[in-house]
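The values are calculated or read from the model by the stated rules, or taken from the named source; none is laboratory data. Remember, predicted model here, so these are calculated numbers, not experimental data. Virtual Cβ from ideal backbone geometry, glycine too; neighbours counted across all protein chains shown. We work out accessible area using only protein heavy atoms, side chains counted, and drop any ligands, DNA or RNA first. Shrake-Rupley method; radii C 1.70, N 1.55, O 1.52, S 1.80 Å.
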Amino acid sequence: LGVKEWVGFSFTWAAALEVMRGNAEKFGEYLHNFCSSLLSPNGFHLNGDYRKTGLTNFDYRPFTLESNFHFCAALQYSLAYYADGIYYLFRGVKNPEENGEWQFKNFRMEGGMLFTAKYSGGVCRLKVKSRCDAKITAEVFGKKFFLSVKSGISEFYPKVVI
């Protein structure tokens, strides 16, 4: 039925799904629409387009918190998430070569590993803290890397050509 029939939480769910699809542009669009049309000045999600911007057909004002929580989850997924045996990094970043540095620190992911990553100038600096040796697959901006993680801290510098 299209976004006119969506309510607020639909936008945060759609943003998370777009990250998982690798569509950074739609991810950003959905989160921007959520913030600009469906959040009150105090930050509560109001489920309907109470500002009447035309985003959705609903303009009622019941407030909920779960959409705010899912907004945070979608934002984290845009930086790092795990699925199908692959650690995806920076999947929600649109035009990284034009938009400077991206980084996160100590995200706990599948297997209990802590990931710290920084992307700048075509290089992704990745630090993985693990309790045991492991072979993992990481994907950065669509390029897969097969890495051998050692117990303790392992550092990698995969060159990412975009």
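Numbers at a glance
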quantity: Residue list for the range 11-52, filter: of a type in the set (Gly, Ala, Ser), open to solvent by 30 Å² or more (accessible area, probe 1.4 Å) and assigned to a helix (DSSP H, G or I); calculated: 28, 36
quantity: Within the range 57-154, strands (runs of 3 or more DSSP E) holding 1 or more residues that are under 13 Å from the mean Cα position of the chain (by Cα) and among the polar types (S, T, N, Q); calculated: 102-109
quantity: All positions within the range 92-109 that are open to solvent by 90 Å² or more (accessible area, probe 1.4 Å) and touching a Lys or Arg at 6+ places or on another chain (Cβ under 8 Å); calculated: 101, 103
quantity: Filtered residue count, the range 56-73, keeping only those that are of a type in the set (Phe, Trp, Tyr) and either under 9 Å from residue 45 (Cβ atoms) or surrounded by 14 or more Cβ atoms within 10 Å (Cβ to Cβ) (or both); calculated: 3
quantity: Test for residue 89: is it among the hydrophobic types (A, V, I, L, M, F, W, C), buried (at least 20 other Cβ atoms within 10 Å of the Cβ) and either on the phi > 0 side of the Ramachandran plot or touching a strand residue (DSSP E or B) at 6+ places or on another chain (Cβ under 6 Å) (or both); calculated: yes
quantity: Conditions (1) hydrophobic (A, V, I, L, M, F, W, C); (2) within 23 Å of residue 35 (Cβ to Cβ); (3) at pLDDT 90 or above: number failed by residue 63; calculated: (3)
